[in-house]
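Working notes for the structure below.
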Amino acid sequence: MDNSVYQNPLITRYASKAMAQNFSDDKRFKLWRKLWIALAESEMELGLNITREQVDEMKKYAVDINFELAEEYERQVRHDVMAHVKAFGAQAASAMPIIHLGATSCFVDCNSELIIMWDAIQIIKAKLVNVIDKLSAFALKYKDMPTLGFTHLQPAQLTTVGKRATLWLQDLTMDYNNLVNLQNAFKLRGVKGTTGTQASFMELFSGDENKVKELEKKVIDKLGFDKAYGVTGQTYPRKFDYNVLCVLSQIAQSAYKFSNDIRILQNMKEIEEPFEKSQIGSSAMAYKRNPMRSERMGSLARYVISLPMNCAITAGTQWFERTLDDSANRRIVIAQAFLALDGILNIYMNVAENLVVYDKVIKKHIAAELPFMATENIMMECVKAGGNRQELHERIRVLSMEAGKNVKQEGKENNLIELIKNDGMFAAVHGKLDDILDAKKFIGRAPSQVVEFIQNEVAPILAENKSVLGQKGEVNV
């Protein structure tokens, strides 16, 4: 690494090698050559004056890219596509006259960018499914463990640790479905010519529209796809970039929510993200166990969430058939959105499969709040035994205020149950309090909801993607 110049931390610290390679120049320019070969071979098959020898020579150099010569040409002509046409032609000399025949730069630019995005979506999808798998196992393991539920970050009715995990899971299943919808709508730009009219190809095929249409079909088929946009300007619709980044943003939102919940739970000492034996939490405070993984997830997520607006502006400023002020911007925003989300999901996988649950702390927190929640049950039992509901309500109110003062002003434990045990008005329940205060009686259908949700909504996703399960989340630094 050259430490004298800026290095992109998405590459050096966060994203996986697979995602970094997906957006590499090596992949991009190999795709350009694949596109040129598909175009030339399809034109040959439809009767243009292109020989098998020319196509075979192009194929010979399909992945042997002479980068230095291409860079030299680009310095001369200030045009990256033409520089690579010339560099390719310098190797496949017999094919030089027919490389890029009838095409515009966006034939290779747009189609290759779409293919790169398609492959990036596959990487993201696989990692998303693995996060879902790991959280599913966690949810099932802890489906019965009561814990305090919170609204407004204030203690509310009980839920379970596993049920809370299904809220994280549900966000991710929604993201998965959005990702699948994006895949189903995916199209290549196709073979459209300079302003999208296919005029150059109509000229090549002497006005034969059927051959022009067949040319596009052949090319996208050779690239492994089955759909192209019906109409384009010079580029594919830039609104598609916005659609892609909106889906990436939604995955980032889900990860952000999870990371914030884990940070709060770690503050409460109920659940922690993994903390390695030699890991240092603070340079000053040696005892600290900072939730650096969750913090990093949130930090990267904020960046991804901010990016769709950039693409929205680009889509809205495409003058007529196209303008080039999208090019430099898109080189940055699309790759970095995927690289950042890849880093987020790497961490998410790591945290989700290594969460540490402290059940005794959870029980302690429940014990501090459950007496207040149980007052209705206590009162009803006393009414069944002949007590006056209004008098009981007033007495519980007074005792609750006393217990609340004991907790908030004196800093002591919640002694409401002790007060009730010492009050003759509640004699009917004195022998039943342990049973009434069983936390599992306050969690409703939470365990069943966990099982039903995973069976109905998560299991089909995992079954459909079983070939990619088993990935591990790597935290690079």
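Only the coordinates and a few stated rules stand behind these numbers; no lab work does. Keep in mind that what you see is a predicted model, and the values were worked out from it rather than measured. Please note: Cβ atoms are built from the backbone with ideal geometry, for glycine as well, and neighbour counts cover all protein chains shown.
Treating each Cα of the chain as an identical point scatterer and summing with the Debye formula, the log10 of I(q)/I(0) at q = 0.07, 0.09, 0.14 Å⁻¹ comes to -0.54, -0.75, -1.28. Taking the Cα centre of the range 375-436 as origin and assigning +1 to Lys and Arg Cβ atoms and -1 to Asp and Glu Cβ atoms, the resulting dipole is close to 120 debye. Pairs to check: 127/192; 59/192; 363/432; 141/412. Give those whose C-alpha atoms are more than 29 Å from each other in this structure. Where the Cα-Cα span goes over 29 Å, the pairs concerned are 127/192; 141/412.
Computed log10 I(q)/I(0) for the range 132-265 at 0.15, 0.20 Å⁻¹: -0.81, -1.13, from the Debye equation with unit scatterers placed on every C-alpha and solvent omitted. Computed over the chain, relative contact order equals 20 percent, with contacts defined as Cα pairs under 8 Å that lie 6+ residues apart. Peptides 27-36, 115-124 ranked from most to least packed, by the mean per-residue count of other Cβ atoms within 10 Å: 27-36, 115-124.
For the range 375-436, the C-alpha radius of gyration sits at 1.10 times the compact-globule guess of 2.2 N^0.38 Å, with N the residue count.
The angle separating the long axis of helix 389-408 from the principal Cα axis of greatest extent in the chain is about 70 degrees.
In terms of the mean number of neighbouring beta-carbon atoms within 10 Å, the peptides 13-23, 49-59 order highest first as 13-23, 49-59. How are the Cα pair distances of the range 15-105 distributed, in percent, across 5 Å bins from 0? Taking all Cα pairs of the range 15-105, the binned fractions are 3, 14, 24, 23, 17, 10, 6, 2, 1, 0 percent. Our note on the geometry: Cα centres of the range 309-343 and the range 23-57, 27 Å apart. Counting beta carbons within 10 Å around each of 5, 351 and listing the fewest first gives the order 5, 351. Partner aspartates and glutamates whose Cα lies under 17 Å from the Cα of residue 218, excluding those fewer than 8 positions away in the same chain, are identified as 41, 43, 45, 208, 209, 226. Rounding to the nearest 10 and keeping the result within 0 to 90°, find how far the Cα-based axis of helix 327-352 lies from the longest principal axis of the chain. Compared with the principal axis, the helix lies near 40 degrees.
Between residue 383 and residue 319, full extension at 0.36 nm per residue minus the direct alpha carbon distance yields a gain of 15.5 nm. Residues whose amide H lies under 5 Å from that of residue 158, counting only those 5 or more places away or on a different chain, are 149; hydrogens are built 1.01 Å from N in the peptide plane. Applying 1/(1 + (r/R0)^6) with r as the Cβ-Cβ distance of residue 197 and residue 17 and R0 = 35 angstrom yields a FRET efficiency of 0.25.
One decimal place: the segment residue 309-residue 430 gains 37.4 nm when fully extended, by the rule 0.36 nm per residue minus the C-alpha distance. Between residue 170 and residue 455, residue separation times 0.36 nm minus the direct Cα-Cα distance comes to 101.3 nm. Using Cβ point charges alone (K and R +1, D and E -1), the dipole size of the range 26-83 about the Cα centre works out to roughly 200 debye.
Exceedance of the 25 Å cut-off in Cα-Cα distance is limited, within the set 257/472; 384/421; 17/143, to 17/143.
The residue 393 and residue 151 beta-carbon pair, evaluated with R₀ = 25 Å, returns a calculated FRET efficiency of approximately 0.60. Note on the chain: with charges restricted to the Cβ of Lys and Arg (+1) and Asp and Glu (-1), its dipole about the Cα centre is near 960 debye. For the range 375-436, averaging the sequence separation of C-alpha pairs within contact (under 8 Å, six or more residues apart) and dividing by the residue count gives a relative contact order of 36 percent. Take the Cα of residue 30, step 7 Å toward its Cβ, do the same at residue 231, and the gap between the two points is 3.8 nm.
With contributions of -39500 (n - 2.57) from each DSSP H run of at least four residues, the per-residue ellipticity at 222 nm computed over the chain stands at -19500 deg cm²/dmol. With 16 Å as the cut-off, how large is the P(r) tail for the range 310-369, expressed as percent of Cα-Cα pairs? The proportion of pairs with Cα distances above 16 Å equals 67 percent.
In this simple spin-label model, placing a label point 7 Å from the Cα along the Cα-to-Cβ direction at both residue 376 and residue 63 gives a separation of 6.6 nm. Of 30/222; 134/440; 30/60, which sit over 18 Å apart, Cα to Cα? Checking Cα-Cα distances, 134/440 exceed 18 Å. Rounded to whole numbers, the Karplus 3J(HN,Hα) couplings from phi for the range 61-71 are 10, 4, 10, 9, 8, 8, 4, 4, 5, 4, 5 Hz, using 6.51 cos²θ - 1.76 cosθ + 1.60 with θ = phi - 60°, and x at Gly and Pro. Residue-wise HN-Hα couplings along the range 43-55, as the Karplus relation 6.51 cos²θ - 1.76 cosθ + 1.60 with θ = phi - 60° gives them from phi, are 4, 4, 5, 9, x, 6, 7, 10, 9, 4, 4, 5, 5 Hz; Gly and Pro carry x.
Count Lys and Arg as plus one, Asp and Glu as minus one, and take only other residues whose Cβ is under 12 Å from that of residue 177; the net charge is then -3.
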